[in-house]
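**Student:** Okay, handing you the structure first.
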Amino acid sequence: MIKINEPSKEIYKKAKMRWDSIAKPLDGMGHFEELISRIAAIQNTTEVAIDKKCVLIMCADNGIVAENISQSGQEVTAICAKKMAEGETSVCRMAQKVGADIVPVDIGIVSEVNFDGVLQRNVRRGTRDFLIEPAMTEAECRQAIETGIGLVREYADKGYNIIATGEMGIGNTTTSSAVTAALTGLKVSEVTGRGAGLDDERLKNKINVIEKAIEKYDLKNADVMTVLRCVGGLDIAALTGVCIGGALAGVPIVLDGIISDVAALAAERIAPGVKNYVIPSHIGKEPAAIHLNKLLGLEPVIHGNMALGEGTGAVMMMGMLDVAMTVYDSCELFGDIAVQQYERFKK
């Protein structure tokens, strides 16, 4: 059993008091006051630091693509991992703008990738077709989780004080929808979307494939590790570890879309308290997003209907947090000017 300590309530209160002392209306920065205060509590200091950023992008292939649930083939994952290492994908361009380092990780790409800039952490060459057999063994699933935990520890030791989640893998909206349906008990049709753009026929097939798998492994009555190994992906398992790792290391983890959202839910089920260490970013197109954030008690601030993946929503959120920090860090306080501080009145 992994024990997660609660972030400092005392530091959280002090950070909130600092927000109130800034010469502005109370709660004038809305959700960002809460988010920065949460980060303060996670880092155990009111001197919040989010200047050294990285994005851990878990790249993995999913055997379920054999069931015609995607427009693209598995070769795309390796190509995108190479482009990420070269700094050429969407998330790379966005990360350059906000000063974040990109760390693509081969956690389960089906073909061997020996590109400079791609971390070699391959657990196996893609998961199995979960309609035929479980996607992973228990040992493989645990290895992926432990890898995620270890990477957060490694990058925290390098001085990174905020870490974003990213992923790349053809078929991973199918695995994430399957895990979501199993962990939440919601209907598969409620949590399954079109991914990169399926037509009606393929969407129907995708839902049918997930429903068959959930019934095959009796996942409505299964524990989280069984769900992950049976219908999950190596990217989801590794991101589950990243979320746990953030809680253990005291580093805020910025979630991206549903792949990292469902990983956060799995992490919370494995180690209660993890949700206090994750920062939401956006609500995307996939229908599972609203359900997952609600279960985690999170309120994403970006409602841009994004579906780009790779960690792009999380990186955009990092930029917004930077802007919020300029108010928290450098704006004048009521004590510095001839204006009386606003008071909070009890309701």
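**Student:** So is Asp116 touching an Asp or Glu at 6+ places or on another chain (Cβ under 8 Å), free of Cβ contacts under 8 Å to residues at least 40 places away in the same chain, acidic (Asp, Glu) and assigned to a loop (DSSP other than H, G, I, E, B) or not?
**Tutor:** Considered against the rule, which asks whether it is touching an Asp or Glu at 6+ places or on another chain (Cβ under 8 Å), free of Cβ contacts under 8 Å to residues at least 40 places away in the same chain, acidic (Asp, Glu) and assigned to a loop (DSSP other than H, G, I, E, B), Asp116 comes out as no.
**Student:** Read through the list (1) under 21 Å from Gly257 (Cα atoms); (2) assigned to a loop (DSSP other than H, G, I, E, B); (3) of a type outside the set (S, T, N, Q), then give the number of the only condition that Val65 fails.
**Tutor:** Unmet for Val65, out of (1) under 21 Å from Gly257 (Cα atoms); (2) assigned to a loop (DSSP other than H, G, I, E, B); (3) of a type outside the set (S, T, N, Q): (2).
**Student:** Something else about it: In the stretch 175-209, which residue that is in a helix (DSSP H, G or I), among the β-branched types (Val, Ile, Thr) and in contact with a Leu (Cβ under 9 Å, 6 or more places away or on another chain) is farthest from Ala271 (Cα to Cα)?
**Tutor:** Step by step, filter the stretch 175-209, then rank; the result is Val209.
**Student:** Also, I was wondering about something else. Any idea which of (1) of a type in the set (Lys, Arg); (2) under 21 Å from Ile2 (Cα atoms); (3) modelled with pLDDT under 95 is the one Lys275 doesn't satisfy?
**Tutor:** Condition not satisfied by Lys275: (3).
**Student:** Further, regarding this structure: What are the residues in the stretch 271-290 that are within 19 Å of Ser177 (Cα to Cα) and surrounded by fewer than 20 Cβ atoms within 10 Å (Cβ to Cβ), if any?
**Tutor:** Lys285, Pro287, Ile290
**Student:** So which pairs qualify, if the first residue must be in the stretch 62-77 and within 18 Å of Arg125 (Cα to Cα) and assigned by TED's automatic domain parsing to the domain that holds Thr137, the second must be in a helix (DSSP H, G or I) and modelled with pLDDT under 80, the Cβ gap must be under 6 Å, and the two must be at least 6 apart or on different chains?
**Tutor:** Close Cβ pairs satisfying both conditions: none exist.
**Student:** Here's a follow-up. Over 27 Å from Ile149 (Cα atoms) and of a type outside the set (A, V, I, L, M, F, W, C): does that describe Asp235?
**Tutor:** Numbers: over 27 Å from Ile149 (Cα atoms): no; of a type outside the set (A, V, I, L, M, F, W, C): yes.
No, not satisfied.
**Student:** For the stretch 297-346, name all the residues that are surrounded by 15 or more Cβ atoms within 10 Å (Cβ to Cβ), among the β-branched types (Val, Ile, Thr) and outside any loop (DSSP other than H, G, I, E, B).
**Tutor:** Ile302, Thr312, Val315, Val327
**Student:** Would you confirm whether or not the stretch 329-342 contains a residue that is modelled with pLDDT of 95 or more and hydrophobic (A, V, I, L, M, F, W, C)?
**Tutor:** no
**Student:** Name the one entry in Ala100, Ala15 that is surrounded by 20 or more Cβ atoms within 10 Å (Cβ to Cβ), farther than 30 Å from Gly197 by Cβ and either at pLDDT 95 or above or not assigned by TED's automatic domain parsing to the domain that holds Gly150 (or both).
**Tutor:** Among Ala100, Ala15, only Ala15 is surrounded by 20 or more Cβ atoms within 10 Å (Cβ to Cβ), farther than 30 Å from Gly197 by Cβ and either at pLDDT 95 or above or not assigned by TED's automatic domain parsing to the domain that holds Gly150 (or both).
**Student:** Still on this structure, please answer the following. So which residues in the stretch 119-153 are closer than 23 Å to Thr226 by Cβ, part of a helix (DSSP H, G or I) and either touching a strand residue (DSSP E or B) at 6+ places or on another chain (Cβ under 8 Å) or at pLDDT below 95 (or both)?
**Tutor:** Passing the criteria: Ala144, Thr147, Gly148.
**Student:** Restricted to the stretch 203-240, and to residues that are farther than 17 Å from Asp61 by Cβ and touching a Gly at 6+ places or on another chain (Cβ under 7 Å), which residue is surrounded by the most Cβ atoms within 10 Å (Cβ to Cβ)?
**Tutor:** Among them, the one singled out is Thr240.
**Student:** Still on this structure, I have one more. So, in the stretch 211-221, how many residues would count as being in contact with a Leu (Cβ under 9 Å, 6 or more places away or on another chain) and under 25 Å from Ala139 (Cβ atoms)?
**Tutor:** 3
**Student:** I would also like to ask the following. Kindly check whether there is at least one residue in the stretch 252-261 that is out of contact with any strand residue (DSSP E or B) (no Cβ under 8 Å at 6 or more places or on another chain) and either crowded, with 24+ Cβ neighbours inside 10 Å or acidic (Asp, Glu) (or both).
**Tutor:** Yes, some residue in the stretch 252-261 is out of contact with any strand residue (DSSP E or B) (no Cβ under 8 Å at 6 or more places or on another chain) and either crowded, with 24+ Cβ neighbours inside 10 Å or acidic (Asp, Glu) (or both).
**Student:** Can I ask one more? Which members of the stretch 117-159 meet the condition of being farther than 14 Å from Ile236 by Cα and surrounded by 23 or more Cβ atoms within 10 Å (Cβ to Cβ)?
**Tutor:** Selection gives Phe130, Leu151, Val152.
**Student:** I would also like to ask the following. Write out, first by first residue and then by second, each pair whose Cβ atoms fall under 8 Å of each other, whose residues are 6+ apart or on separate chains, and whose first residue, in the stretch 81-92, is within 13 Å of Gly309 (Cβ to Cβ) while the second is small (Gly, Ala, Ser) and surrounded by 16 or more Cβ atoms within 10 Å (Cβ to Cβ).
**Tutor:** Cβ pairs passing all conditions: Val91/Gly166; Val91/Gly311.
**Student:** Okay, moving on. In this structure, does Val251 turn out to be touching a helix residue (DSSP H, G or I) at 6+ places or on another chain (Cβ under 7 Å), closer than 22 Å to Leu296 by Cβ and assigned to a loop (DSSP other than H, G, I, E, B)?
**Tutor:** It is true that Val251 is touching a helix residue (DSSP H, G or I) at 6+ places or on another chain (Cβ under 7 Å), closer than 22 Å to Leu296 by Cβ and assigned to a loop (DSSP other than H, G, I, E, B).
**Student:** Separate question: Thr77 passes all but one of (1) among the β-branched types (Val, Ile, Thr); (2) modelled with pLDDT of 95 or more; (3) touching an Asp or Glu at 6+ places or on another chain (Cβ under 7 Å); which number fails?
**Tutor:** (2)
The values are calculated or read from the model by the stated rules, or taken from the named source; none is laboratory data. Since the model is a prediction, treat every value here as computed from it, not as a measurement. All Cβ positions, glycine included, derive from the backbone under ideal geometry; neighbour counts span all protein chains shown.
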